[in-house]
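Have a look at the structure below before the remarks.
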Amino acid sequence: MTHPNSVVVTDQLESVLGEVISKFPEDKLFLVMDENSQRYCLPLLGNVPSVEKFRHNIIPSGEENKSLSSVEKIWLFLSQNGADRKSLVVNLGGGMVTDLGSFAASTFKRGVEFVNIPTTLLSQVDASVGGKTGFNFNGLKNEIGVINQPLQVIIDTRFLVSIDHENFISGFAEMIKHGLIHSPDHLDELRKYDLDKPDYKELQTLISHSVTIKEYYVEKDPNEKNIRKALNFGHTVGHAFESYSLKKSFPLLHGHAVAFGMLAELYLSGLHCGFPDETLHHLSKWISTVYGNFSISVDDYEALYELMGHDKKNDGKRINFTLLKSVGEVEINCDCTKEQTFESLDYFRTINNA
């Protein structure tokens, strides 16, 4: 399944990648990955023509390595191995690797071509589309980066067989978000999907549907000035949860943080946009069942609110929320009071402890 912005969902990774790299000089091929993707994912590239010609750069695994120092190491690797404007960088891994590698490629010699092969469900349905690149800075997620489209994104669900359950549902949260903001039908098929016994053939279809939704917003608003902000649903509170968990040394996976953020923002949607109470109740129960608990107290509210103030989609000091009038009907740039935001955190704690 090929998508308009060169995202290919396939079980023929070898032939798709082989066709891409055949257009580049064999001495100008570079592969960026982390330790996990080297161990679990690199073997799937074994039958790709010319794969043995790639020069490898290995990044330590873990979100803490999504940093400027890692970008510098990729730049140094490219420079020392003769990379130039005719080179191709292939990023193999989860969102950390594709974000870092894409940023390094986008800025090295003012930009070289790159291909992303996302290997986690989160990176396949989220980081794979939209051209966002970058790294964490000053304790904030993705604070530094550029928007630059890859030459191609190749999605293959065979990589997901080795993913543990927690990382699997982390990616699933972004799919839930896509259903909530755009497609009740997609949301329904996600609710029916058996997360305990994943069917990877069925998942390939679901991923394609989810990617199509994200592409819809990216194509309408490539530089995130307007409607693309719909994709921020769950992320204003979710990023605050994620950053706060890092500060407290019990880091949440990104998708879990987004899922918890969606609970709070669904409540805000009811307050601000009239989102139906019955739908709110059913969705909150389902999401809480899938994602479990994240413990916060009233004493954490001020710190969380301050973190929300750093969201990149804010307008000055005003926190811009993306909220829902109903499933599939989005309202962007919503201005909620501090009291309403704290009330949503009260709701989150109530649901979380139910």
Mean separation of Cα pairs under 8 Å and 6+ residues apart, divided by the residue count of segment 170-352: what relative contact order is that in percent? 26 percent
Dipole in debye (nearest 20) - segment 237-354, about Cα centre, beta carbon charges: Lys, Arg +1; Asp, Glu -1: 320 debye
Assuming a viscosity of 0.890 mPa s and a temperature of 25 °C, what translational diffusion coefficient in µm² per second does Stokes-Einstein assign to the chain, Rh being the Kirkwood radius over Cα pairs? 119 µm²/s
Relative contact order in percent for the chain (Cα pairs under 8 Å, 6+ apart) equals 14 percent
Could you point to the residue in Q38, G171, V112 farthest towards the positive end of the chain's charge dipole, with +1 and -1 charges on the Cβ of Lys/Arg and Asp/Glu respectively? V112
Given Cα pairs under 8 Å that are at least 6 residues apart, what percent is the relative contact order of segment 7-163? 27 percent
How large is the charge dipole for the chain, taken about the Cα centre, if only the Cβ atoms of Lys, Arg (+1) and Asp, Glu (-1) carry charge, to the nearest 20 debye? 960 debye
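Which pairs, out of K132/K325; K247/K338; K23/K141; K73/K220; K53/K132, put more than 30 Å between their alpha-carbon atoms?
On the way: K132/K325 27 Å; K247/K338 22 Å; K23/K141 35 Å; K73/K220 35 Å; K53/K132 28 Å.
Correct reply: K23/K141; K73/K220.
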Among 75-87, 96-108, 164-176, what's the highest-first ranking by average C-beta atoms within 10 angstrom per residue? 96-108, 164-176, 75-87
Separation in nanometres of the label points that stand 7 Å from Cα toward Cβ, at E202 and T337: 4.6 nm
Whole angstrom only: what separates the Cα centroid of segment 1-58 from the Cα centroid of segment 216-293? 33 Å
Within the chain, percent of DSSP bridges classed antiparallel, to nearest 5: 30 percent
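Sorted by packing (mean other beta-carbon atoms within 10 Å per residue), highest first, where do 215-227, 8-20 land?
Ranking, from highest mean packing down: 8-20, 215-227.
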Evaluate the charge dipole of segment 7-163 about its Cα centre and quote only its size in Debye, nearest 20, assuming +1 on the Cβ of each Lys and Arg and -1 on the Cβ of each Asp and Glu. 380 debye
Hand me the trypsin sites (Lys or Arg not before Pro) from segment 246-354 located in a DSSP loop with no more than 15 other Cβ atoms within 10 Å, in residue order please. K248, K312, K317
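Values in this text are rule-based calculations from the coordinates and carry no lab data. The structure displayed is predicted, hence computed values, not measured ones. Ideal geometry is used to build each Cβ from the backbone, glycine not excepted, and the neighbour counts take in all protein chains shown.
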